[in-house]
Amino acid sequence: MNLNLERIAGIAHQPEGTPQGVVVLTHGAGGNRESKLLQQVCDEWARRGWLAVRYNLPYRRRRPSGPPSGSAASDRAGIVEAITLCRDLTDGPLIAGGHSYGGRQTSMVVAAGQAPVDVLTLFSYPVHPPGKPERVRTEHLPDIHVSTVFTHGTSDPFGTLAEVRAAAAMIPAPTEVVEITGARHDLGSKTLDVAALAVDAALGLLGDQKA
């Protein structure tokens, strides 16, 4: 298996044996591939027998810290590149997504049909900026036609659970909202295994497709 992921600044979590498929995840605004959430989720996917790749978006490859800079279109081009590269790593399904900004940009790539995926997995989807519920970021969701998981904290200022459920209802494909009680935008939880719950939901939707 060719795991040369330097082009996307990617790190692979490899399972034992032949991978069942590949998962491609990226970070939120201000973050990078080393986020605790991405590491935990990729570890969980590898335990389930999947190859999991966490990678840096183009803006993060240009500068080591700070918010997204430059064009979001260039970040979406980087997402297309990552999905295309990782699809060649296994013969199984491909699941893509990310945290906050990275998940939103990935969902826009999928909505535009720029890169085929089997399941979309979105962590702390930013329905709107904190304190600005009128500035919704959901206009592209009706163009998503793949099963989608939203993993979201009940104390996330970027969207209430009700707002996330309303956003999910805009997608004309099976969706699931994984509720993380008490969690904020980073999805940290002392009582729930966030990674396991998110992986369970994605595998459940993938299984429904095969049924």
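The values are calculated or read from the model by the stated rules, or taken from the named source; none is laboratory data. Quick caveat: nothing in here was measured; it's all calculated off a predicted structure. No Cβ is skipped: glycine too gets one built from the backbone with ideal geometry, and neighbour counts run over all protein chains shown. Heads up: the accessible areas ignore ligands, DNA and RNA and are worked out on the full protein's heavy atoms, side chains in. Shrake-Rupley method; radii C 1.70, N 1.55, O 1.52, S 1.80 Å.
Please verify whether region 186-197 includes one or more residues that are in contact with a Ser or Thr (Cβ under 6 Å, 6 or more places away or on another chain), of a type outside the set (Gly, Ala, Ser), open to solvent by 20 Å² or more (accessible area, probe 1.4 Å) and under 16 Å from Gly103 (Cα atoms). There is no residue in region 186-197 that is in contact with a Ser or Thr (Cβ under 6 Å, 6 or more places away or on another chain), of a type outside the set (Gly, Ala, Ser), open to solvent by 20 Å² or more (accessible area, probe 1.4 Å) and under 16 Å from Gly103 (Cα atoms). Consider region 58-80. How many of its residues are without any contact (Cβ under 8 Å) to a residue 12 or more places away in the chain and open to solvent by less than 40 Å² (accessible area, probe 1.4 Å)? Here the count works out to 1.
Table: residues versus (1) among the basic types (Lys, Arg); (2) closer than 22 Å to Val164 by Cβ.
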{"site": "Tyr55", "(1), (2)": "no, no"}
{"site": "Gly70", "(1), (2)": "no, no"}
{"site": "Val110", "(1), (2)": "no, yes"}
{"site": "Leu122", "(1), (2)": "no, yes"}
{"site": "Pro129", "(1), (2)": "no, yes"}
{"site": "Arg137", "(1), (2)": "yes, yes"}
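Please go through region 40-80 and pick out each residue that is among the polar types (S, T, N, Q) and in a loop (DSSP other than H, G, I, E, B). Passing the criteria: Asn56, Ser65, Ser69, Ser71. Scanning region 137-154 for residues that are open to solvent by 50 Å² or more (accessible area, probe 1.4 Å) and touching a residue at least 12 places away in the same chain (Cβ under 8 Å) returns Arg137, Pro142, Asp143, His145, Thr154.
Within region 104-120, can one find any residue that is within 19 Å of Gly28 (Cβ to Cβ), small (Gly, Ala, Ser), surrounded by 19 or more Cβ atoms within 10 Å (Cβ to Cβ) and under 16 Å from the mean Cα position of the chain (by Cα)? For region 104-120, residues within 19 Å of Gly28 (Cβ to Cβ), small (Gly, Ala, Ser), surrounded by 19 or more Cβ atoms within 10 Å (Cβ to Cβ) and under 16 Å from the mean Cα position of the chain (by Cα): present.
For region 81-103, residues that are over 16 Å from Asn32 (Cα atoms), open to solvent by 10 Å² or more (accessible area, probe 1.4 Å) and not in a helix (DSSP H, G or I) total 6.
For region 158-185, filtering for residues that are surrounded by fewer than 14 Cβ atoms within 10 Å (Cβ to Cβ) and in contact with a Pro (Cβ under 6 Å, 6 or more places away or on another chain) leaves 0.
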